[in-house]
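Here is the structure we will look at.
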Amino acid sequence: MKVFVGLDVSLNTISVCIVDEDGKLVWQGKTLSEPADLIPVLLPYQDNIQLVGIEACPLSEWHYGALADSGFPVVCIETRHTQRFLSSRPNKTDRSDARGIAEMMRLGHFKPVHVKSKASQLIRTVLIAREKFVDHVVAIEQTIRGLLKVHGLKVGAVHRCTFVARIETLLANSPELRVAIEPLLETRNVMRRQKVLLDRRLSQLARQDDICRRLMTVSGVGPIVSLAFKATIDDPTRFKNSKAVAAHLGLTPRIYQSGEIDRSGNISKCGDKLMRHALYEEANSHLRISKKWSVLRAWGVKLAKRVGAKKACVAVARKLAIIMHRMWIEEKDFHFGRQPQSASAA
C-alpha cells in the first residue's frame, strides 16, 4: 500500500499525517520537533512511503537532512504555494495543515524548493553573522552622532578608521558625556574587531575555492560577494538557464497583465535579500570604483546617463548574476571584451 506523509513543523512539535493513495487516513498525530523523535514514528511505514512533504521554514533544512540521510523520499515545498492550497480549508490548525500537505503529496500538487548543502548553510551562517556586525556597528555610530548632536557636538564626515579619534576629541571638552558615550564606543570597537576576524576568515575561504577565485575575476567582486553567490546558488545546474538566476534573486521587474492592462513595475525583490544587496553593491563598485574597461561597464555607464545611477546599478546587478552563473557553468573567467579604439583614445 502506497502512503504519503505530510509534516507541519513548529518549534516544539511536528504534526504528522499519513494518507494512502486513495486519500484515506492511515495515521495522524504529533511528535516532538526533533529528528530523533520523528524518524521512529515514520519507520513502520518506510517501505510504503512514496513521498514525505515538509513546508519550507527555519527548521525544514535540519529535518530534511535527517530524513534524507535515513533513506526517506522527502521533498521541501514552497511556502506561498502551500499557503494558497491550505487556505481553502475552513479551519487553520496544525493537524489540518499536516493533512493538507499529505494531500498535496498524494496529488502531486506542489512546488519543490532546493535545500542547500551543509557547506552552503555554514557559509551563509558566517555571512549573516558578519552582516549583523556591520548593521549594529553602523547603528551604534549613528546613535553616538545623535547623542552628541543634542549637546552641540558635531561629528561630521569622518572615515570609520578615524571615528574613535574624532569622538575622543569631542569628548575632551565634555568629560561628563563619557559615561554615556564610552560604553557605546567600546561596544562598537569590539564588534569591529570581530568583523575584521570574520572578514579575514572569509577571505581565506574564498582564496582556497576554485569557484570563488573564478568569480573574483569580475571587477568589483571580492571574497564576500563570491562566497555569498556560491552559497546562495549552491547547485548551478538547478536553473534551466542563467536568466532564471536573476528572477530567482528578485532582480527582474514585476509584471501585471489583465485584459488591456499591461504594466511593468519595480523589481520583485523575491528570493535572497542578502545576495541581492551584495550584487547591487558589486554593480555599484563595477560602475563607479573600477577603472578597468569592460563591455558591461561601458553599457552600465551609458545606461546611467539615460535612466539614472540607481536603476543602472540594478540593471548591471541583474546582468552580473547571469554572467557569474555562466562563468560557473562554463568554468571560464570574466571576459572584459575589446575596448573600441575611439574609447581608448578618449
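Close Cβ contacts (under 7 Å, 6 or more residues apart or on different chains) running from residues in the range 323-336 that are over 13 Å from Arg297 (Cβ atoms) to residues that are outside any helix (DSSP H, G or I) and of a type in the set (Gly, Ala, Ser) comprise His325/Ser242; Arg326/Ser242.
Candidates Leu171, Leu198, Leu185, Leu215: the one that is open to solvent by less than 20 Å² (accessible area, probe 1.4 Å), under 25 Å from Glu281 (Cα atoms) and of a type outside the set (Lys, Arg) is Leu215.
If you check Asn48 against the conditions, is it open to solvent by 50 Å² or more (accessible area, probe 1.4 Å) and either under 21 Å from the mean Cα position of the chain (by Cα) or closer than 17 Å to Ser15 by Cβ (or both)? So Asn48 fails the test.
Give Val5, Val19 a once-over and let me know the one that is touching a Phe, Trp or Tyr at 6+ places or on another chain (Cβ under 6 Å), open to solvent by less than 40 Å² (accessible area, probe 1.4 Å), under 18 Å from Ser96 (Cα atoms) and in contact (Cβ under 8 Å) with a residue 24 or more places away in the chain. Of the residues listed, the single one that is touching a Phe, Trp or Tyr at 6+ places or on another chain (Cβ under 6 Å), open to solvent by less than 40 Å² (accessible area, probe 1.4 Å), under 18 Å from Ser96 (Cα atoms) and in contact (Cβ under 8 Å) with a residue 24 or more places away in the chain is Val19.
Of the residues making up the range 81-105, just one is open to solvent by 50 Å² or more (accessible area, probe 1.4 Å), more than 14 Å from Val16 (Cα to Cα) and touching a Lys or Arg at 6+ places or on another chain (Cβ under 9 Å), namely Arg89. Against the conditions (1) touching a residue at least 40 places away in the same chain (Cβ under 8 Å); (2) not in a helix (DSSP H, G or I), where does Asp262 fall short? Just the number, please. Every condition holds for Asp262 apart from (1). In the set Ala165, Ala157, only one residue is surrounded by fewer than 12 Cβ atoms within 10 Å (Cβ to Cβ), of a type in the set (A, V, I, L, M) and part of a helix (DSSP H, G or I); that residue is Ala165.
Here Asn189 meets the list (1) in contact (Cβ under 8 Å) with a residue 24 or more places away in the chain; (2) over 30 Å from Leu274 (Cβ atoms) almost entirely, failing just condition (2). There is at least one residue in the range 120-131 that is open to solvent by less than 50 Å² (accessible area, probe 1.4 Å), under 30 Å from Thr31 (Cβ atoms) and hydroxyl-bearing (Ser, Thr, Tyr).
Could you list all residues from the range 94-118 that are without any contact (Cβ under 8 Å) to a residue 40 or more places away in the chain and farther than 14 Å from Cys57 by Cα? Answer for the range 94-118, where residues must be without any contact (Cβ under 8 Å) to a residue 40 or more places away in the chain and farther than 14 Å from Cys57 by Cα: Ser96, Leu107, Gly108, His109, Lys111.
Of all the criteria given as (1) out of contact with any Pro (no Cβ under 8 Å at 6 or more places or on another chain); (2) open to solvent by 20 Å² or more (accessible area, probe 1.4 Å); (3) outside any helix (DSSP H, G or I), the one not satisfied by Phe72 is (2). Might you check whether a residue that is more than 26 Å from Val225 (Cα to Cα) and part of a loop (DSSP other than H, G, I, E, B) occurs anywhere in the range 126-148? Taking every residue of the range 126-148 in turn, none turns out to be more than 26 Å from Val225 (Cα to Cα) and part of a loop (DSSP other than H, G, I, E, B).
For (1) open to solvent by 70 Å² or more (accessible area, probe 1.4 Å); (2) touching a residue at least 60 places away in the same chain (Cβ under 8 Å); (3) among the aliphatic types (A, V, I, L, M); (4) not in a helix (DSSP H, G or I), each residue gets a yes or a no:
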| site | (1), (2), (3), (4) |
| --- | --- |
| Ser226 | no, no, no, no |
| Val245 | no, yes, yes, no |
| Leu251 | no, yes, yes, yes |
| Asn266 | yes, no, no, yes |
| Lys269 | yes, no, no, yes |
| Ala278 | no, no, yes, no |
| His286 | no, yes, no, no |
| Ser290 | no, yes, no, yes |
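When Thr125, Thr82, Thr162 are checked against the criterion of being of a type in the set (S, T, N, Q) and in contact (Cβ under 8 Å) with a residue 24 or more places away in the chain, Thr82 stands alone in meeting it.
The values are calculated or read from the model by the stated rules, or taken from the named source; none is laboratory data. Nothing here was measured: the structure is a model prediction, and the numbers come from that model. A quick note on method: Cβ atoms are made from the backbone with ideal geometry, for glycine too, and the neighbour counts reach across all protein chains shown. Only protein heavy atoms, including side chains, enter the accessible area calculation; ligands, DNA and RNA are left aside. Shrake-Rupley method; radii C 1.70, N 1.55, O 1.52, S 1.80 Å.
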